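Below is one structure, written out as structure tokens; comments come after it.
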Amino acid sequence: MMSFEEINLEMLPQHIAIIMDGNGRWAKQHGKMRVRGHEAGAEAVRKNVEEASKIGIKHLTLYAFSTENWSRPKTEVNTLMGLLVKSLRRELAQMISNNIKLSAIGSLSKLPENVQQELLEVIKKTTHNTGMHLTLAISYGAREEIKQAVVQISQKVKNNIIPIESIDETIINEHLYTQNLPDVDLLIRTSGEVRISNFLLWQIAYAELYFTEELWPEFNEQSLHRAILSYQKRERRFGKTSEQLT
Ligand code: FPP
């Protein structure tokens, strides 16, 4: 039985984003093929989604596949796409019973047809759910996201839909893939790498960053609790002094 007593439920991060790294290294450590590492990673996704939703996290965004991941060997890309479809199918009932709403962000049109269809299906079936909002970043790159926002806004200025003077942070937010999401409060990266790797560059401006040596398949309910506890011990100042906050 997991206990929530240590976490302050009044001070939860509203939006947690996770860079799930280390599936390959986990497999190697256990003398298994990389595909087994990704399968164990999918199991960790299941556990963490369920736990985050139980704790009462409002938004969870997972980096499932980056634009750079397309350059991995074709067999590995296929494995990841297959796992995604399998997990979506397997977890749909669970998402519905846990009231979880699924979204996806990224260059989704680059995904194989069957992956797009499966995603759309689950998104459609969970669209009215009011519990945790789970967003999968797939074929996602933050620079690409910002670039397409600039293109869309420029088009609107060119076509006299908006005046150039109206461009502000709100307008930029509205043109990002994450338009319906609040800023990230807590960004977690597993496997000891201390990098952002082109993930949510705009949205993490004030996020607390949490890096752990644990490999993604090892990141369990307790790990999530530890990350949230660490977040709750920090003082978020948003550029102000400590005195101004009290
Ligand atoms: C990083 O491990 C992980 C990924 C590239 C993809 C994440 C995918 C999953 C967790 C599985 C399925 C996803 C869902 C949403 C069900 P790595 O391969 O980069 O590990 P390494 O750096 O140790 O090689």
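The values are calculated or read from the model by the stated rules, or taken from the named source; none is laboratory data. Only a predicted model underlies this, so the values are computations on that prediction, with no experimental measurement involved. Cβ coordinates were reconstructed from backbone atoms using ideal geometry, including for glycine residues, and neighbour counts include every protein chain displayed. To get the accessible areas, we keep the full protein, side chains included, count just its heavy atoms, and leave off ligands, DNA and RNA. Shrake-Rupley method; radii C 1.70, N 1.55, O 1.52, S 1.80 Å.
Most mobile of 81, 95, 11 per a Gaussian network model of the chain (Cα springs, under 10 Å)?
Of the options given, 11 has the highest mean-square fluctuation.
Percent of accessible area on the chain owned by carbon and sulfur, 1.4 Å probe?
On the way: 6850 of 13380 Å².
C and S fraction of accessible area: 51 percent.
Sort out for me the Cα centre separation of the stretch 16-46 from the stretch 178-246, rounded to whole Å.
Going from one Cα centre to the other spans 20 Å.
Kirkwood hydrodynamic radius, the stretch 145-216, all distinct C-alpha pairs: what's the number in Å? Mind dumping the intermediate values first?
Values: mean 1/r = 0.0712 Å⁻¹.
Averaging 1/r across every pair of different Cα atoms and inverting gives 14.1 Å.
Give the accessible surface of the chain per residue, rounded to a whole number of Å², with probe radius 1.4 Å and ligands, DNA and RNA excluded. Please list the in-between numbers first.
Details: 13380 Å² over 246 residues.
Here the per-residue accessible area is 54 Å².
Say we join alpha carbon atoms closer than 10 Å with springs in a Gaussian network model of the chain; which of 217, 73, 182 then has the biggest fluctuation?
Answer for the Gaussian network model of the chain: 73.
Averaging sequence separations of C-alpha pairs under 8 Å and six or more residues apart, then dividing by the length of the stretch 96-206, give the relative contact order as a whole percent. Let's see the in-between values first.
Values: 106 pairs, mean separation 31.4, N = 111.
After rounding, I find 28 percent.
Two-decimal Rg/Rh of the chain from alpha-carbon positions, Kirkwood Rh? Let's see the in-between values first.
On the way: Rg = 18.7 Å, Rh = 19.2 Å.
Reported Rg/Rh (Cα atoms, Kirkwood Rh): 0.97.
Compute a Gaussian network model of the chain, connecting alpha carbons closer than 10 Å, and tell me which residue from 128, 38, 15 fluctuates the most.
128
What dipole magnitude, in Debye to the nearest 20, does the chain give about its Cα centre under +1 on Lys/Arg Cβ and -1 on Asp/Glu Cβ? Each step should come with its number before you reach the end.
Values: 30 positive and 30 negative charges, 147 e Å.
Dipole of the chain, to the nearest 20 debye: 700 debye.
Mean separation of Cα pairs under 8 Å and 6+ residues apart, divided by the residue count of the chain: what relative contact order is that in percent?
Values: 361 pairs, mean separation 69.5, N = 246.
Worked out over the chain, it gives 28 percent.
Bin width 5 Å, alpha-carbon pairs only: give the P(r) of the stretch 68-166 as whole percents, running from 0 to the bin holding the largest distance.
Spelled out bin by bin, the stretch 68-166 gives 2, 11, 18, 17, 14, 13, 11, 7, 4, 1 percent.
Over all directions, the average projected area of the alpha-carbon convex hull for the stretch 44-111 comes to how many nm²?
Numbers: hull surface 19.9 nm².
About 5.0 nm², averaged over all directions.
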